[in-house]
Amino acid sequence: QLQLEESGGGLVQPGGSVRLSCAASGIALDAYAVGWFRQAPGKEREGVSCMGSTGASTHYADSVTGRFTISRDNEKVYLEMNSLKPEERAGYSCAVGSSWIVQATCTHQEYAYWGQGTQVPVSS
């Protein structure tokens, strides 16, 4: 059973930066579609940034384009978040999809494996 574990969350001041990591056990992440999703209290889960299985395709939510960057190696997926806003306070989770998802998508139904999430409070 694939297991994912996020790390790197914690209190960030508005305008600050944080880098989240997601480690996977049992697979080489650079062969699968991966994504980062977030869910704030009382809101629906939102796809933040996703990458297709080959790594050539990435997708970002409009609200984070230019500020967030998704990357990966064969062991981990990363999400670099800059210029964070208070409204981006949420639980951030990584997810892994199929190896045939070449075109990046943040449709959560395409992802079969999910981490528990890490909290990123954004507050002064």
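Worth a mention:
- Sites counted here are GluC sites (Glu not before Pro) in a DSSP loop (not H, G, I, E or B) having no more than 16 other Cβ atoms within 10 Å; the longest part of the chain that contains none of them is 76-124.
- For the listed peptides 67-73, 18-24, a ranking on the average number of other beta carbons within 10 Å per residue, highest first, reads 18-24, 67-73.
- With the simple spin-label model, which puts each label point 7 Å out from Cα in the Cβ direction, the Ala56 to Glu80 separation comes to 2.3 nm.
- Extension gain (nm, one decimal) between Ser71 and Gln3, 0.36 nm per residue minus Cα-Cα: 22.6 nm
- Projected label distance in nm at Glu110 and Ser17, using a 7 Å step from Cα toward the beta-carbon: 2.8 nm
- Percent carbon-and-sulfur accessible area, the range 30-124, ignoring ligands, DNA and RNA, probe 1.4 Å: 43 percent
The values are calculated or read from the model by the stated rules, or taken from the named source; none is laboratory data. Because the structure is predicted, anything quoted here is derived from the model rather than measured. Cβ: placed from backbone, ideal geometry, glycine included. Neighbour counts: every protein chain shown. Note: areas computed on protein heavy atoms with side chains; ligands, DNA, RNA excluded. Shrake-Rupley method; radii C 1.70, N 1.55, O 1.52, S 1.80 Å.
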